[in-house]
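**Student:** First, the structure itself, so that you have it in front of you.
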């Protein structure tokens, strides 16, 4: 599918950045936002942007400051650590 955007000339550089292809900048921004909202998987984002490997995608995401470690994952990890510490206390001889 082809999508066409009409952008005023004076806004192209601020939106795309100097030297960046405006069409590519729009595609990346659209893909990144869909990935952040979990509407696209990492694999789908790779396909959309033509990125060949997961390693390259990780670099792309890091460059765009997209974290893949969610708050929910952090909370689960913290709960696991707390459970482990409690178990360690119970397993110690008195």
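Throughout, read-outs are computed from the coordinates displayed, never taken from laboratory work. Just so it is clear, the model here is predicted, and its values are computed rather than measured. Note that we place each Cβ from the backbone using ideal geometry, even for glycine, and neighbour counts take in every protein chain shown.
**Student:** Under 10 Å, Cα contacts only: if you run a Gaussian network model on the chain, which one of 70, 13, 80 comes out with the highest mean-square fluctuation?
**Tutor:** The residue with the greatest mean-square fluctuation here is 80.
**Student:** I'd like the orientation of helix 22-36 relative to the chain: the angle between its Cα long axis and the longest Cα principal axis, in ° from 0 to 90, rounded to 10.
**Tutor:** Once rounded, the angle reads 20 degrees.
**Student:** Can you give me the Kirkwood hydrodynamic radius for the chain, using every pair of distinct Cα atoms, in Å to one decimal? The partial results should precede the final answer.
**Tutor:** Numbers: mean 1/r = 0.0602 Å⁻¹.
Taking every pair of different Cα atoms in the chain, averaging 1/r and inverting gives 16.6 Å.
**Student:** Same structure, new question: From the helices alone, meaning DSSP H stretches of at least four residues, give me the mean residue ellipticity at 222 nm for the chain, per-run term -39500 (n - 2.57), in deg cm²/dmol to the nearest 500. Mind dumping the intermediate values first?
**Tutor:** Working: 5 runs with 62 residues, N = 94.
So the helix-based figure for the chain works out to -20500 deg cm²/dmol.
**Student:** Just want the ordering: 90, 48, from fewest to most Cβ atoms lying within 10 Å of their own Cβ.
**Tutor:** Details: 90 7, 48 16.
With the sparsest Cβ surroundings first, the list reads 90, 48.
**Student:** Using Cα springs under 10 Å in a Gaussian network model of the chain, which residue among 83, 67, 52 shows the largest mean-square fluctuation?
**Tutor:** 83
**Student:** Would you look at the GNM of the chain, springs on alpha carbons closer than 10 Å, and say which of 21, 77, 58 moves the most?
**Tutor:** 77
**Student:** While we're here: Which angle between 0 and 90 degrees, to the nearest 10, do you get for helix 71-91 versus the longest principal axis of the chain when only C-alpha atoms count?
**Tutor:** 10 degrees
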